[in-house]
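This report concerns only the one structure given below.
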């Protein structure tokens, strides 16, 4: 299963320098939000609509030291949909690729094109 994490270009640079991604949600909620390719547009449109500085980090779950739990999203997401939450930091070494994630002309995000290299 492909795990994706969204962050800004500046946050990705900071993570690369530090060797790990520490999202603010790790301190406020106890985990880092992630998604799969088929669901990432949902939080992208809630949080980053219209922004053009977003990166998608493709994470190798095997490279994580932290537990991944599949949990419900927010109200409004499909009831049966579960999102991967990483209960710890994301080591830069676990990031297989980083892609710019740009909205369409209308400012909304769609399903990302990961070049067919990564499954759902």
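The values are calculated or read from the model by the stated rules, or taken from the named source; none is laboratory data. Worth saying up front: this structure is predicted, and the values here are computed from it rather than measured. Here the Cβ positions follow ideal geometry from the backbone for every residue, glycine too, while neighbour counts run over all protein chains shown.
Computed values, structure above
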{"item": "Among the candidates 68, 58, residue that is touching a residue at least 24 places away in the same chain (Cβ under 8 Å), surrounded by 13 or more Cβ atoms within 10 Å (Cβ to Cβ) and within 18 Å of residue 15 (Cα to Cα)", "result": "58"}
{"item": "Residue within region 34-54 that is at pLDDT 95 or above, touching a helix residue (DSSP H, G or I) at 6+ places or on another chain (Cβ under 7 Å), closer than 18 Å to residue 15 by Cβ and not in a loop (DSSP other than H, G, I, E, B) present", "result": "yes"}
{"item": "Residue list for region 1-33, restricted to those being assigned to a helix (DSSP H, G or I) and more than 23 Å from residue 82 (Cα to Cα)", "result": "9, 10, 11, 12, 13, 14, 15, 16, 17, 18"}
{"item": "Unique residue being under 27 Å from residue 17 (Cα atoms), more than 14 Å from the chain's Cα centre (by Cα) and surrounded by fewer than 18 Cβ atoms within 10 Å (Cβ to Cβ) when the list is 28, 108", "result": "28"}
{"item": "Single residue of 16, 96 found to be at pLDDT 95 or above and over 13 Å from the mean Cα position of the chain (by Cα)", "result": "16"}
{"item": "Top-ranked residue in region 31-42 [being touching a residue at least 40 places away in the same chain (Cβ under 8 Å) and farther than 20 Å from residue 63 by Cα; ranked as farthest from the chain's Cα centre (by Cα)]", "result": "38"}
{"item": "Residue within region 72-80 that is in a strand (DSSP E or B) and buried (at least 17 other Cβ atoms within 10 Å of the Cβ) present", "result": "no"}
{"item": "Residue in region 32-46 that is surrounded by fewer than 17 Cβ atoms within 10 Å (Cβ to Cβ) and touching a strand residue (DSSP E or B) at 6+ places or on another chain (Cβ under 8 Å) present", "result": "no"}
